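Q: Shown below is the structure under consideration.
The values are calculated or read from the model by the stated rules, or taken from the named source; none is laboratory data. This structure is a prediction, so every number in the text was calculated from the model and none was measured. Positions of Cβ are generated from backbone atoms using ideal geometry, with glycine treated the same way; all protein chains shown enter the neighbour counts.
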2 protein chains.
Amino acid sequence: MHIPAFKDIEAAHLRINKYIHKTPVLTSNSVNQIVKSDLYFKCENFQKAGAFKYRGATNAVLSLSEEKANKGVATHSSGNFAAALALAAKTRNIKCYIVMPENAIPVKVNAVQGYGAEITYCEPTLESREQTLNKLVNENGAVFIHSYNCFDVICGQGTAVKELIEEISGLQYLLVPVGGGGILSGSAIAAKAMNPRITVIGVEPANADDAYRSFKSGKLIPSVNPNTIADGLLTSLGDLTFEIIKNNVNDIITVKEESIIEAMRIIWERMKIIVEPSSAVTLAAVIENRNIFENKKLGLVLTGGNVDLENLPFT
Amino acid sequence: MHIPAFKDIEAAHLRINKYIHKTPVLTSNSVNQIVKSDLYFKCENFQKAGAFKYRGATNAVLSLSEEKANKGVATHSSGNFAAALALAAKTRNIKCYIVMPENAIPVKVNAVQGYGAEITYCEPTLESREQTLNKLVNENGAVFIHSYNCFDVICGQGTAVKELIEEISGLQYLLVPVGGGGILSGSAIAAKAMNPRITVIGVEPANADDAYRSFKSGKLIPSVNPNTIADGLLTSLGDLTFEIIKNNVNDIITVKEESIIEAMRIIWERMKIIVEPSSAVTLAAVIENRNIFENKKLGLVLTGGNVDLENLPFT
């Protein structure tokens, strides 16, 4: 297994720098007063295509040889990685094939189409997604880019926390959402290399706690019927992300659905920015664990801002 | 009538600078592509208390003599000015009395209470608001601060566009929402002093078009039964704001309700920031008037971000 080192994240940063947004780090007195901590939010909701995924997708696309790139890239995704890969491919002017479940929400489908990718629909099961993708890749020779369990993708995702720690010194904790583990593993490598004393914590919905159970047991346990509003965190860890997380992450904690919604509302109302529920799990962890985080200096990654405005949890 | 000059806005800026947020100016490639113009958004939705009103309220509170300040300040408002004045008074550690209609929405009431102001409820009519306020002011000697038809308030509001033009050179148009005219009149004085060639346009909902009709007729025409989603723009011009607008604003244009909602959705979805409907009228004007604004460099003031998340227009 080829494990990324910090120098690989540095190389990725040089490679993607002129294509990505250097997103802002925001603070809010009002939120700090609520949780009695000093929070620094890395705002990847402002990243191109609306999520950190564009960093990893861009690094993967730019790392391909000319010959491979000319065949195009392909992935299966119902969410943010599909749009990110489509935009990254468009930027290099290569073909992009996306396998999406037929029940994917229209706003996600529109984004992928808007970036010019070719969509193939499949049944909404992992098996159907993989079969459909394999068929596509065999037919046209496109390079499969996995949305998280992939060296180049992880290196790209690590650049967000690299920017955060370059900008904000003295962070005691770094909190990162964990679904498949792409952003958590890349973030942990960057954070530990830049600041060995930082405590890196992955945060996961209790209703989709495969990373928590895998981390605690030391064995990769896949997600079974996860059911959470944080729709970006439904996926299971991969072998590569799990290996990195085991070696670089201090702990994984889980949060309740109602805390996720409360945290999302606080971010929307107090900070006036739009984040998706998956982004709110880290603030939810701070709310649920005052005893750990009070009076500490924390970095939190807001992973994305793609929400369906017609289907919000505020009622 | 004492009309503010640009030097009064400069003095206000020096006075309030350390209390306000210097809000960011945001651009969005995605929004620019939709309207084929070059837009610079001054983000007062990120201002303290969630709206530009904090600038004017702070300037008014800080301009009071010690003796007057010690009596406290008072206003009637169902919206953003109430919270802004309450926070400004709290910052100077003086009393604040707010008259609010008994049907004011809870989130606004909570904000005012959270800043420690004393609320007196009245019937939801202008007559009742003014009577209740007069009674209060007579009893306790507090200084009445009008939310827009007031020299010091207008000078404070003008500082937002002063910051915008200091940061972004070469703007051809400045678009500002108009309700009572506080932000439009302050903005116009600043813009014309700093860049005499800029075209300043006020934007108003067609369903609350008193400023448009007053501007076109040259006579102050009050608002009658305005009915718009842009709840910050229901008020009528005052004699002071009207006088400034007549002499400094190039035009006032009106926009349809559906354009306001479309513009608000574009800002939320593409820029990932929360603005209230009143903030979206300027982008609505750009959408409705492509012939005027295409390929131009525009400044737009996003006036505030206080929305009721349980009552959004996206359905």
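Q: Helices (runs of 4 or more DSSP H) wholly in region A:184-283 with at least 1 residues that are surrounded by 23 or more Cβ atoms within 10 Å (Cβ to Cβ), in contact with a Pro (Cβ under 9 Å, 6 or more places away or on another chain) and within 14 Å of chain B (Cβ to nearest Cβ) - which ones? Reasoning before the result, please.
A: Working: elements: A:210-217, A:239-248, A:257-271.
So the answer is A:257-271.
Q: A further question follows. Taking the condition β-branched (Val, Ile, Thr), under 20 Å from the mean Cα position of the chain (by Cα) and crowded, with 21+ Cβ neighbours inside 10 Å, does B:Ile165 pass? Show your work before the answer.
A: Details: β-branched (Val, Ile, Thr): yes; under 20 Å from the mean Cα position of the chain (by Cα): yes; crowded, with 21+ Cβ neighbours inside 10 Å: yes.
Yes, satisfied.
Q: While we're looking at this one, here's another question. Could you tell me which of the residues A:Lys22, A:Lys18, A:Lys42, A:Lys36 is among the basic types (Lys, Arg), on the phi > 0 side of the Ramachandran plot and either in contact with a Pro (Cβ under 9 Å, 6 or more places away or on another chain) or at pLDDT 95 or above (or both)? Walk me through it before giving the result.
A: Numbers: A:Lys22 fails: on the phi > 0 side of the Ramachandran plot; A:Lys18 fails: on the phi > 0 side of the Ramachandran plot; A:Lys42 fails: on the phi > 0 side of the Ramachandran plot.
Of A:Lys22, A:Lys18, A:Lys42, A:Lys36, the one residue that is among the basic types (Lys, Arg), on the phi > 0 side of the Ramachandran plot and either in contact with a Pro (Cβ under 9 Å, 6 or more places away or on another chain) or at pLDDT 95 or above (or both) is A:Lys36.
Q: In region B:122-144, which residues are at pLDDT below 95 and of a type in the set (Ser, Thr, Tyr)?
A: Hits for region B:122-144 are B:Thr125, B:Ser128.
Q: A:Val286 passes all but one of (1) within 14 Å of chain B (Cβ to nearest Cβ); (2) assigned to a helix (DSSP H, G or I); which number fails?
A: All conditions are met except number (1).
Q: Follow-up. Is one or more of the residues making up region A:149-158 part of a loop (DSSP other than H, G, I, E, B), over 21 Å from the mean Cα position of the chain (by Cα) and within 29 Å of A:Tyr212 (Cβ to Cβ)? Break it down into steps so the answer makes sense when it comes.
A: Residues of region A:149-158 part of a loop (DSSP other than H, G, I, E, B): A:149-150.
Next cut, over 21 Å from the mean Cα position of the chain (by Cα) only: none.
Checking region A:149-158: not a single residue is part of a loop (DSSP other than H, G, I, E, B), over 21 Å from the mean Cα position of the chain (by Cα) and within 29 Å of A:Tyr212 (Cβ to Cβ).
Q: Okay, moving on. Does B:Ala12 satisfy the condition of being assigned by TED's automatic domain parsing to the domain that holds B:Leu240 and buried (at least 24 other Cβ atoms within 10 Å of the Cβ)? Please lay out each step first, then the result.
A: Values: assigned by TED's automatic domain parsing to the domain that holds B:Leu240: yes; buried (at least 24 other Cβ atoms within 10 Å of the Cβ): yes.
Here the answer is yes, as B:Ala12 does meet what is asked.
Q: Of the residues that make up region A:96-104, is at least one touching a strand residue (DSSP E or B) at 6+ places or on another chain (Cβ under 8 Å), without any contact (Cβ under 8 Å) to a residue 40 or more places away in the chain, of a type in the set (D, E, K, R) and not assigned by TED's automatic domain parsing to the domain that holds A:Trp268?
A: yes
Q: Regarding B:Pro124, is this residue assigned to a loop (DSSP other than H, G, I, E, B) and either among the basic types (Lys, Arg) or in the same structural domain as B:Val25 (by TED's automatic domain parsing) (or both)?
A: Working: assigned to a loop (DSSP other than H, G, I, E, B): yes; either among the basic types (Lys, Arg) or in the same structural domain as B:Val25 (by TED's automatic domain parsing) (or both): no.
It is false that B:Pro124 is assigned to a loop (DSSP other than H, G, I, E, B) and either among the basic types (Lys, Arg) or in the same structural domain as B:Val25 (by TED's automatic domain parsing) (or both).
Q: Here are the criteria: (1) in the same structural domain as A:Ile189 (by TED's automatic domain parsing); (2) under 17 Å from A:Gly186 (Cα atoms); (3) of a type in the set (Val, Ile, Thr). Tell me which single one A:Thr58 does not satisfy.
A: Result: A:Thr58 passes all but (1).
Q: From A:Gly299, A:Gly305, which residue is closer than 17 Å to A:Gln157 by Cα, within 14 Å of chain B (Cβ to nearest Cβ) and either among the β-branched types (Val, Ile, Thr) or buried (at least 23 other Cβ atoms within 10 Å of the Cβ) (or both)?
A: After ruling out the rest, the residue left standing is A:Gly305.
Q: Given the options A:Lys246, A:Lys272, name the one that is in the same structural domain as A:Ser214 (by TED's automatic domain parsing), closer than 18 Å to A:Gly186 by Cα and without any contact (Cβ under 8 Å) to a residue 40 or more places away in the chain. Outline the logic, then answer.
A: Details: A:Lys272 fails: closer than 18 Å to A:Gly186 by Cα.
Result: A:Lys246 is the single residue among A:Lys246, A:Lys272 that is in the same structural domain as A:Ser214 (by TED's automatic domain parsing), closer than 18 Å to A:Gly186 by Cα and without any contact (Cβ under 8 Å) to a residue 40 or more places away in the chain.
Q: Any residue in region A:177-193 that is basic (Lys, Arg) and touching a helix residue (DSSP H, G or I) at 6+ places or on another chain (Cβ under 9 Å)?
A: Our first condition is that a residue be basic (Lys, Arg); within region A:177-193, this holds for A:192.
Applying the additional criterion that residues be touching a helix residue (DSSP H, G or I) at 6+ places or on another chain (Cβ under 9 Å) yields A:192.
Yes.
Q: I'd like to check which helices (runs of 4 or more DSSP H) are fully inside region A:37-94 and have at least 3 residues that are surrounded by fewer than 24 Cβ atoms within 10 Å (Cβ to Cβ).
A: Once the helices (runs of 4 or more DSSP H) in region A:37-94 are filtered for at least 3 residues that are surrounded by fewer than 24 Cβ atoms within 10 Å (Cβ to Cβ), what remains is A:66-69, A:80-92.
Q: Does A:Arg290 satisfy the criteria of being under 18 Å from A:Ser30 (Cβ atoms) and in contact with a Lys or Arg (Cβ under 8 Å, 6 or more places away or on another chain)? Show your work before the answer.
A: Working: under 18 Å from A:Ser30 (Cβ atoms): yes; in contact with a Lys or Arg (Cβ under 8 Å, 6 or more places away or on another chain): yes.
Yes; evaluated as a whole, the condition is true for this residue.
Q: Follow-up. Which condition number in (1) within 14 Å of chain A (Cβ to nearest Cβ); (2) over 27 Å from B:Phe144 (Cβ atoms) is the one that B:Asn80 fails?
A: (2)
Q: Can A:Glu204 be described as within 18 Å of A:Ile3 (Cα to Cα), among the acidic types (Asp, Glu) and modelled with pLDDT of 95 or more? Give the steps one after another, and end with the answer.
A: On the way: within 18 Å of A:Ile3 (Cα to Cα): no; among the acidic types (Asp, Glu): yes; modelled with pLDDT of 95 or more: yes.
No; evaluated as a whole, the condition is false for this residue.
Q: Could I ask something else about it? I'm trying to understand the selection: among the residues of region B:10-20, which are within 15 Å of B:Ala57 (Cβ to Cβ) and assigned to a helix (DSSP H, G or I)?
A: Listed by number, the residues that qualify are B:Ala12, B:His13, B:Arg15, B:Ile16.
Q: Considering A:Ile267, A:Ile198, which residue is out of contact with any Cys (no Cβ under 7 Å at 6 or more places or on another chain), farther than 30 Å from A:Phe151 by Cβ and β-branched (Val, Ile, Thr)? First the steps, then the outcome.
A: Details: A:Ile198 fails: farther than 30 Å from A:Phe151 by Cβ.
None of the other options fit; the residue is A:Ile267.
Q: State yes or no: is A:Ser63 over 24 Å from A:Cys122 (Cβ atoms), within 14 Å of chain B (Cβ to nearest Cβ) and among the small types (Gly, Ala, Ser)?
A: Against the criterion (over 24 Å from A:Cys122 (Cβ atoms), within 14 Å of chain B (Cβ to nearest Cβ) and among the small types (Gly, Ala, Ser)), A:Ser63 does not qualify.
Q: Taking the criterion of being more than 18 Å from the chain's Cα centre (by Cα) and of a type in the set (Asp, Glu), would at least one residue in region A:223-243 satisfy it?
A: No.
Q: Something else now. Go over the candidates A:Phe46, A:Phe52 one by one and state the one that is within 14 Å of another protein chain (Cβ to nearest Cβ), touching a residue at least 40 places away in the same chain (Cβ under 8 Å) and closer than 21 Å to A:Leu14 by Cβ. Working first, answer last.
A: Values: A:Phe46 fails: closer than 21 Å to A:Leu14 by Cβ.
It is A:Phe52.
Q: If you go through region A:168-180 one residue at a time, how many are under 10 Å from the mean Cα position of the chain (by Cα) and either aromatic (Phe, Trp, Tyr) or under 13 Å from A:Val301 (Cα atoms) (or both)? Reasoning before the result, please.
A: Going through region A:168-180, the residues under 10 Å from the mean Cα position of the chain (by Cα) turn out to be A:176-180.
Now narrow it down to the ones that are either aromatic (Phe, Trp, Tyr) or under 13 Å from A:Val301 (Cα atoms) (or both): A:176-178.
So the answer is 3.
Q: Moving on to the next point. Taking the condition of being in contact with a Pro (Cβ under 7 Å, 6 or more places away or on another chain) and surrounded by fewer than 21 Cβ atoms within 10 Å (Cβ to Cβ), how many residues in region B:130-162 meet it?
A: Summing the residues that are in contact with a Pro (Cβ under 7 Å, 6 or more places away or on another chain) and surrounded by fewer than 21 Cβ atoms within 10 Å (Cβ to Cβ) in region B:130-162 gives 1.
Q: Moving on to the next point. Report, by residue number, each residue of region A:5-50 that is under 14 Å from A:Lys162 (Cα atoms) and hydrophobic (A, V, I, L, M, F, W, C).
A: Within region A:5-50, A:Ala5, A:Phe6, A:Ile9, A:Ala11, A:Ala12, A:Leu14, A:Ile16, A:Ile20, A:Val25, A:Phe41, A:Cys43 qualify.
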